[in-house]
1. Among the numbered conditions (1) within 14 Å of the ligand (Cβ to nearest atom); (2) at negative phi; (3) in contact with a Lys or Arg (Cβ under 8 Å, 6 or more places away or on another chain), tell me where ALA246 comes up short.
2. Quick one: VAL148 ticks every box in (1) more than 14 Å from the ligand (Cβ to nearest atom); (2) within 21 Å of the chain's Cα centre (by Cα) bar one, so which box is it?
3. For the stretch 56-64, state whether one or more residues are modelled with pLDDT under 95, surrounded by fewer than 19 Cβ atoms within 10 Å (Cβ to Cβ) and at negative phi.
4. For GLY206, indicate whether it is more than 9 Å from the ligand (Cβ to nearest atom) and of a type outside the set (D, E, K, R).
5. Please identify the pairs in which a residue from the stretch 118-132 that is closer than 9 Å to CYS102 by Cα has its Cβ atom under 7 Å from the Cβ atom of a residue that is near the ligand (Cβ under 8 Å from one of its atoms) and assigned to a strand (DSSP E or B), counting only partners at least 6 apart or on another chain.
6. Of all residues in the stretch 268-295, count the ones that are in contact with a strand residue (DSSP E or B) (Cβ under 8 Å, 6 or more places away or on another chain), in contact (Cβ under 8 Å) with a residue 60 or more places away in the chain and over 16 Å from LEU223 (Cβ atoms).
7. Would you tally the residues in the stretch 200-213 being over 9 Å from PRO147 (Cα atoms) and either touching a residue at least 24 places away in the same chain (Cβ under 8 Å) or buried (at least 21 other Cβ atoms within 10 Å of the Cβ) (or both)?
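The values are calculated or read from the model by the stated rules, or taken from the named source; none is laboratory data. Model, not experiment: these values are computed from the prediction. Cβ atoms come from the backbone with ideal geometry, glycine included; neighbour counts cover every protein chain shown.
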Amino acid sequence: MNDPAGIKLRYRTFADMECRGYSEAYYRLALAVAEDDDVVAFLSRMSVAQPNLFFASVQLLAGGDHMPSTGPELRQFLRRRGAEVGDVMRSRRTQTNEVGRCAVLLPALPPGPLALVEVGASAGLCLLLDQFYYELEPTPLGDASSPVHLRCALAGPVPLPSAIPEIVWRRGLDLHPVDVRHADAVRWLMACVWPDHHERRRRLDGAIELARAQPPDIRAGDLVEDLPALLAEAPDDAQLVVFHSAVLSYVSPGHRRAFAAVLAEASRRRDIVWVSNEGAGIIGELAVLVPPPSELRFVLGRTRFTKGQRDDEVLGVAHPHGAELTWLEPRRLAERFG
Ligand SMILES: C[S@@+](CC[C@H](N)C(=O)[O-])C[C@H]1O[C@@H](n2cnc3c(N)ncnc32)[C@H](O)[C@@H]1O
């Protein structure tokens with residue numbers, strides 16, 4: 001059970017912090033929820049009343065084109081289909097796989113050949129980053145015939161590579177991997193994209209098409225417990241890169257430190273580049289390098305473990321779905337370890 005006043009506050013905060021200026025549809029709907037005692041009463045009976053989960057559940061059942069857009073429409077929808085919405089909310093967790101983030105990750109990658117490991121990979125769509133077309137200024141990158149075109153507004157001296165690095169091996173790890181060959185999994189992935197985010201839908205569609213043609217190898221497992229075994233499989237003759245985006249906020253601070261410790265331990269055997277794209281303050285090692293941005297922004301970090309030397313850098317701040325990247329002046333912490 002959730003407290004109604006807490007739910008109202010949560011939906012108002014969601015509207016102001018996450019939707020304003022980014023999704024008119026969810027901005028209006030979240031504010032409408034916060035004002036609607038019937039809808040709030042429905043949500044108070046759910047063990048998880050999180051806005052993204054609620055709206056995705058409604059969208060799954062209503063369909064993107066028929067998503068209720070006002071408080072009265074939502075109330076009416078719940079009268080008819082509330083039991084089904086409740087079932088969806090109880091049986092699913094929000095699941096996104098946002099390939100837009102690849103435009104942010106790309107400049108942080110070292111030159112190839114690369115062996116890529118993504119933790120919290122979801123459907124593994126970001127592992128296909130060499131198959132996308134990057135409409136970047138001044139120089140686009142990749143294959144223009146790709147079904148996935150990514151745009152990202154760049155600011156500052158972003159060091160764009162002259163070509164996408166060669167990826168010779170790639171693996172993903174996720175507690176709950178998504179298999180895009182299953183129609184139901186794809187419908188849920190789509191339902192988790194906000195209804196007025198048409199470009200995100202298009203690129204997700206395109207990435208799913210690529211993944212269906214060549215499914216990435218995503219293992220079920222935890223990013224601490226199961227990572228060492230996966231890293232041990234990586235070929236020796238490629239630079240090992242471990243990356244993640246929008247993942248570490250889902251694990252406890254202790255588990256985040258344990259993850260960093262796994263990487264440090266593995267780097268005793270080989271060099272590793274760790275690229276992270278997470279909410280501000282999520283990675284303690286990087287939080288000391290950059291004050292948390294005031295808006296909702298991700299911090300792009302890179303830690304290089306090279307021959308016993310650890311070098312932590314904050315490279316930039318980014319829009320959470322990859323629409324913008326601002327490159328920062330060099331901010332780094334280098335220390336010996338081990
Ligand atoms: C918000 S999604 C992000 C997916 C993807 N990284 C992206 O940027 O689109 C977070 C993913 O992290 C996974 N995850 C959460 N905790 C995890 C853990 N302890 N080990 C592995 N994966 C985890 C979830 O299952 C989910 O697929």
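1. Looking at each condition in turn, ALA246 falls short on (2).
2. Looking at each condition in turn, VAL148 falls short on (1).
3. Checked against the condition, which is being modelled with pLDDT under 95, surrounded by fewer than 19 Cβ atoms within 10 Å (Cβ to Cβ) and at negative phi, the stretch 56-64 yields at least one hit.
4. yes
5. Filtered contacts from the stretch 118-132: CYS126/GLU118; CYS126/SER245; LEU127/GLU118.
6. Of the residues in the stretch 268-295, 1 are in contact with a strand residue (DSSP E or B) (Cβ under 8 Å, 6 or more places away or on another chain), in contact (Cβ under 8 Å) with a residue 60 or more places away in the chain and over 16 Å from LEU223 (Cβ atoms).
7. Within the stretch 200-213, residues that are over 9 Å from PRO147 (Cα atoms) and either touching a residue at least 24 places away in the same chain (Cβ under 8 Å) or buried (at least 21 other Cβ atoms within 10 Å of the Cβ) (or both) number 6.
Listed here are the residues, each with its yes/no results for (1) over 24 Å from ASN52 (Cβ atoms); (2) surrounded by fewer than 22 Cβ atoms within 10 Å (Cβ to Cβ); (3) in contact with a strand residue (DSSP E or B) (Cβ under 6 Å, 6 or more places away or on another chain); (4) among the aliphatic types (A, V, I, L, M).
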residue	(1), (2), (3), (4)
ARG90	no, yes, no, no
LEU116	yes, no, yes, yes
LEU136	yes, yes, no, yes
GLY142	yes, yes, yes, no
ALA153	yes, yes, yes, yes
